[in-house]
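Visitor: Below is the structure I would like to discuss, written out as structure tokens.
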Protein chains: 2
Amino acid sequence: MFYPEPLAKLIDAFSRLPGIGPKTAARHAFHVLRMKEEDCIEFAKALVNVKRNLHYCSICCNITDTDPCRICQDKGRDHSIICVVQEPKDLVAMERTREYNGFYHVLHGAISPMEGIGPDELRIADLLKRLGDEQVQELILATNPNIEGEATAMYLSRLVRSFGLKVTRIAHGLPVGGDLEYADEVTLTKSLEGRREI
Amino acid sequence: MFYPEPLAKLIDAFSRLPGIGPKTAARHAFHVLRMKEEDCIEFAKALVNVKRNLHYCSICCNITDTDPCRICQDKGRDHSIICVVQEPKDLVAMERTREYNGFYHVLHGAISPMEGIGPDELRIADLLKRLGDEQVQELILATNPNIEGEATAMYLSRLVRSFGLKVTRIAHGLPVGGDLEYADEVTLTKSLEGRREI
């Protein structure tokens, strides 16, 4: 123990964050030492408020400080589409496109037998409840394009078959600005399979 | 603004830390969301306590929660040596060697005309006060081996000449485990200049 206790505690707290080792944690703690006291108190308040004032939206399961969340409350959105994403971050990524005007459903994970996550650990029951609404006509499966995401999309597409909805999966292909030369075989195959007339 | 306000505030707070961009800040904030509430409150307390309970040691200017700091209070240490370092982190690095048993003095910076830091911005007056004590016989200058650190060491060595102390500078040379082939010329020259009989 070379650091005084309050500093050691803060370094320990920082080093629990993902991807932060002891050296970076110490750097952050020394940065905090040089911060203005009011900024530091703001930071501490932000930490506590995130836990106290945020919860899951009772409709779409997104993280929100209101219930229903702002998106579910938005009357200007298209009630016929629900886009299923794994995490709140993915919802934010979709919103950034400014191209999508429907609603969302956040699963909070993907099926992963390796990590012991089955369908029951995800917010699938809440999704099925929403599909009973006649307004919903299309379900977009926007889980990640990896094994877990694909498995989840496959599972969901079979599960909701009885609702008679249009179920779609976001396209696989080359990223914009990418390079054919450096694309991996699987992406290139998917890109070829998904070709469209222009 | 796609994130609910409490979350956006926390992301903003994280992104002010050194080397943390908006993506990493969001990752940290989502990590906090998944933390237990008591851990989160501990984190917040650690932040505030660091500002409230830490100050500079009235003797060596190190960061401490007691005054004098634990090192200055330590009666088992050698009163004849003071090691001058730039930052509290450097003191910790020295302590980690477990080879040094004297006292320290933390300058809180180095002379850097580029950043407008002159001798008056450093804790040099406090150091001179300590050198009046007859017990002190050696001053080790352990500022960083870069331009600012060297300039500071040079400045200090001239400044304290009148005290009639032994003034030493930590050795330059090849790092242990290093490779002659990849050493830069300056380091190798210094390493050659500093050669010792074995």
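Visitor: Does A:C69 fit the bill of being surrounded by 17 or more Cβ atoms within 10 Å (Cβ to Cβ) and in contact with a helix residue (DSSP H, G or I) (Cβ under 9 Å, 6 or more places away or on another chain)?
Guide: No: the conditions fail for A:C69.
Visitor: Ok, one more. Among the residues of the stretch A:127-143, write down those that are among the acidic types (D, E) and surrounded by 14 or more Cβ atoms within 10 Å (Cβ to Cβ).
Guide: The answer is A:E138, and nothing else.
Visitor: Given the conditions (1) closer than 21 Å to A:R27 by Cβ; (2) in contact with a Gly (Cβ under 7 Å, 6 or more places away or on another chain), and given that B:L91 satisfies all but one, which numbered condition is not satisfied?
Guide: Looking at each condition in turn, B:L91 falls short on (2).
Visitor: Also: Might you let me know whether the stretch A:37-55 holds any residue that is within 7 Å of chain B (Cβ to nearest Cβ) and among the polar types (S, T, N, Q)?
Guide: Yes, some residue in the stretch A:37-55 is within 7 Å of chain B (Cβ to nearest Cβ) and among the polar types (S, T, N, Q).
Visitor: Related question: So, in the stretch A:171-187, how many residues would count as being surrounded by 14 or more Cβ atoms within 10 Å (Cβ to Cβ) and of a type in the set (A, V, I, L, M, F, W, C)?
Guide: Count: 2.
Visitor: Next question, about the same structure. Within the stretch B:1-25, count every residue that is of a type in the set (A, V, I, L, M) and either in contact with a Lys or Arg (Cβ under 6 Å, 6 or more places away or on another chain) or facing another protein chain (nearest Cβ under 7 Å) (or both).
Guide: Residues that pass the stated criteria total 4.
Visitor: Kindly check whether there is at least one residue in the stretch B:14-26 that is within 28 Å of the chain's Cα centre (by Cα) and either charged (D, E, K, R) or on the phi > 0 side of the Ramachandran plot (or both).
Guide: Yes, the stretch B:14-26 contains a residue that is within 28 Å of the chain's Cα centre (by Cα) and either charged (D, E, K, R) or on the phi > 0 side of the Ramachandran plot (or both).
Visitor: Another question about this same structure. Suppose we filter A:S112, A:S191 for residues that are touching a Gly at 6+ places or on another chain (Cβ under 9 Å) and under 24 Å from B:R27 (Cα atoms); which single one remains? Break it down into steps so the answer makes sense when it comes.
Guide: Details: A:S191 fails: under 24 Å from B:R27 (Cα atoms).
Result: A:S112 is the single residue among A:S112, A:S191 that is touching a Gly at 6+ places or on another chain (Cβ under 9 Å) and under 24 Å from B:R27 (Cα atoms).
Visitor: Specify which of the listed residues (B:V85, B:V106, B:V32) is within 11 Å of chain A (Cβ to nearest Cβ) and either under 21 Å from A:V32 (Cα atoms) or under 17 Å from the mean Cα position of the chain (by Cα) (or both).
Guide: One residue alone meets the criteria, B:V32.
Visitor: Is it true that some residue in the stretch A:172-180 is in a helix (DSSP H, G or I) and not hydrophobic (A, V, I, L, M, F, W, C)?
Guide: No, the stretch A:172-180 has no match at all.
Visitor: Tell me which of these B:R158 doesn't satisfy, since it passes every other one: (1) surrounded by 15 or more Cβ atoms within 10 Å (Cβ to Cβ); (2) modelled with pLDDT of 85 or more.
Guide: (1)
Visitor: Still on this model: Does any residue of the stretch B:37-55 turn out to be over 30 Å from A:V50 (Cβ atoms), in contact with a helix residue (DSSP H, G or I) (Cβ under 6 Å, 6 or more places away or on another chain) and surrounded by fewer than 20 Cβ atoms within 10 Å (Cβ to Cβ)?
Guide: No.
Visitor: Any residue in the stretch A:168-179 that's at pLDDT below 90: show its pairings with residues that are among the charged types (D, E, K, R) and surrounded by 15 or more Cβ atoms within 10 Å (Cβ to Cβ) at Cβ separation under 7 Å, as long as the two are six or more apart or on different chains.
Guide: Close Cβ pairs satisfying both conditions: A:H172/A:K190; A:G173/A:K190.
The values are calculated or read from the model by the stated rules, or taken from the named source; none is laboratory data. Since the structure is predicted, the reported quantities are computational estimates derived from the model, not experimental observations. Counting neighbours? That spans all protein chains shown, and the Cβs are built from the backbone with ideal geometry, glycine included.
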